[in-house]
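Nothing in this text is a laboratory measurement; each read-out follows from the coordinates by a stated rule. Here the structure is a predicted model, which is why all the values come from computation and not from measurement. Every residue, glycine among them, receives a Cβ derived from its backbone with ideal geometry; neighbour counts consider all protein chains shown.
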Amino acid sequence: MILEPIYPKILSIRTLPNAHEDVLRSYGADPEKHSALGLITCDQDDPTFVALDEATKNANVDVVFARSFYAGSSFSSGRLSGEILGVLAAENSDEIEEGLRAMRRCLEHDACFYNGDSSGSIALFPHIIGSLGTYLSKEAGLEVGDAMAYLVAPPIEATIAFDAALKSADVRLAKLFTPPTETNYAAAWLSGDLADCQVAAEAFARKVVEVGNNPLSY
């Protein structure tokens, strides 16, 4: 099965050195340890969550804010809004810039959605993280360095595919986001060793495509 990638587009990326302490606190940062912020918006939210986690593996940064916007990038509030705002915090702007560089590499070469059918009407995210950083490991209740399958698709395709993924390999459910999420999708985080996570992600992708091609089979 070969899926066509839908590459994410970074819409804005800025460093805010010496941020005001009220702004730091409002976005979840600690003025006692953070002075600078890094902000990014993108037209794909889940790859950006992965990229934020990647930043924590490449720089001394904390993810202090990461929110998807309601309904998705097709209904964004402005041309730079996209589907998500992510915010890094660090002691200085050098660390922020290193973290943002890691995010760009991830979004340009690693994490992206895929087309699940020839019409481009189904987008799925069967992503494998070989080693979690400090951000997603905390969100998922897992350990830094664990492998994780990060699975996302539209509601009915995702629900049936989650079941297939869990049955396909020795993986466990770390967290499931039932529909509707902010972007009206559904998501699941599965943990296990790297090989089992890969098997589960492939089973998930196959089932999403199958359901998309046979939506009225019951």
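Expressed in Å, the radius of gyration and Dmax of the Cα atoms of the stretch 8-111 are 12.8, 38.
For Glu182 and Asp94, the FRET efficiency from 1/(1 + (r/R0)^6), where r spans their Cβ atoms and R0 equals 25 Å, is about 0.15.
Secondary-structure-derived ellipticity at 222 nm for the chain, considering helices only, amounts to -11500 deg cm²/dmol, per-run term -39500 (n - 2.57) for DSSP H runs with n ≥ 4. Place a label point 7 angstrom from the Cα of Asp110 along the Cα-to-Cβ direction, then list the residues of the stretch 49-93 whose backbone nitrogen is under 13 Å away. Correct set: 49-59. Against the chain, whose longest principal axis comes from its Cα atoms, helix 93-109 is set at around 20 degrees. Once both labels are positioned 7 Å from their Cα atoms along Cα-to-Cβ, the gap between Arg101 and Asp170 label points is 4.0 nm. The distance from the alpha carbon centre of the stretch 6-42 to that of the stretch 44-123 is 12 Å, rounded to a whole number. Between amide H atoms placed 1.01 Å from N, distances below 5 Å from Lys175 occur with Trp189, all of them 5 or more places distant or on a separate chain. If I take all pairs of Cα atoms in the chain, what percentage of them are more than 24 Å from each other? Summing the P(r) of the chain above 24 Å gives 42 percent of all pairs.
Exposed loop sites here are GluC sites (Glu not before Pro) assigned a DSSP state other than H, G, I, E or B and surrounded by at most 16 other beta carbons within 10 Å; excluding them, the longest clear run of the chain is 33-90.
Pairwise alpha-carbon distances in the stretch 116-213 exceed 23 Å for 20% of all pairs.
Percent of C-alpha pairs per 10 Å bin in the stretch 1-58, short distances first: 19, 40, 29, 7, 4, 0.
Shown for the chain: lysine pairs separated by 8 or more places, or found on different chains, whose C-alpha atoms are under 21 Å apart, numbering 7. Taking the stretch 28-75 as the region of interest, what is the percent of Cα-Cα pairs per 5 angstrom bin, listed from the shortest bin to the one with the maximum distance? The percentages, shortest bin first, are 4, 17, 29, 22, 15, 9, 4, 1.
Find me the longest stretch of the chain that has none of the exposed trypsin sites (Lys or Arg not before Pro), where exposed means in a DSSP loop (not H, G, I, E or B) with at most 14 other Cβ atoms within 10 Å. Counting at most 14 other Cβ atoms within 10 Å as exposed, the longest clean stretch of the chain is 80-218.
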